[in-house]
């Protein structure tokens, strides 16, 4: 028990354990979600939803601009918050542009995405790509890295 306490007193290990637990719980909840969906919904609906989720995560992942924050935050000083805001806005605009391009080419992607045609489903899809699956952890990670880098810069 003392070994565990000494490890948890180190912020690096405490954060690492929190990230591992978070990843494990996210995986278990995702597995439970898809098991329930497969049990209570038609397999065709589950397949369409899975394809839509993968498309949203792929498009959102293409527009993750966190590498800019990792590289330039240490050098920005007082302008760090402006850089972070510009990065978020640029990523959102890029995600919206890619999502709109995807929606304009729906017929190329097959019938699995036909339910996305129309204004309301299309707008929902664009908003989901900007803010949806995968984006929240990228944003949170970018904020954490920016705060960490800014803190290191201020400490120097």
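Every number here is computed from the coordinates shown, using simple stated rules; none is lab data. These numbers were taken from a predicted model, which means no experiment stands behind them. With ideal geometry, Cβ positions are generated from the backbone for all residues, glycine too; neighbour counts draw on all protein chains shown.
Observations on the model:
- Whole-percent pair-distance distribution, where bins are 5 Å wide, for the alpha carbons of the stretch 1-85: 3, 11, 10, 11, 13, 15, 13, 11, 9, 4, 1
- Full extension of the segment from residue 12 to residue 108, taken as 0.36 nm per residue of separation minus the current Cα-Cα distance, would add 29.9 nm.
- Two-decimal ratio, the stretch 1-40, of alpha-carbon radius of gyration to 2.2 N^0.38 Å: 1.73
- Modelled FRET efficiency - R0 22 Å, residue 123 with residue 44, Cβ distances, 0.05 increments: 0.35
- Taking packing as the residue-averaged number of other Cβ atoms within 10 angstrom, the listed peptides 116-129, 19-32 run from highest to lowest as 116-129, 19-32.
- Taken along the Cα-to-beta-carbon direction at a fixed 7 Å, the label points for residue 88 and residue 26 span 1.8 nm.
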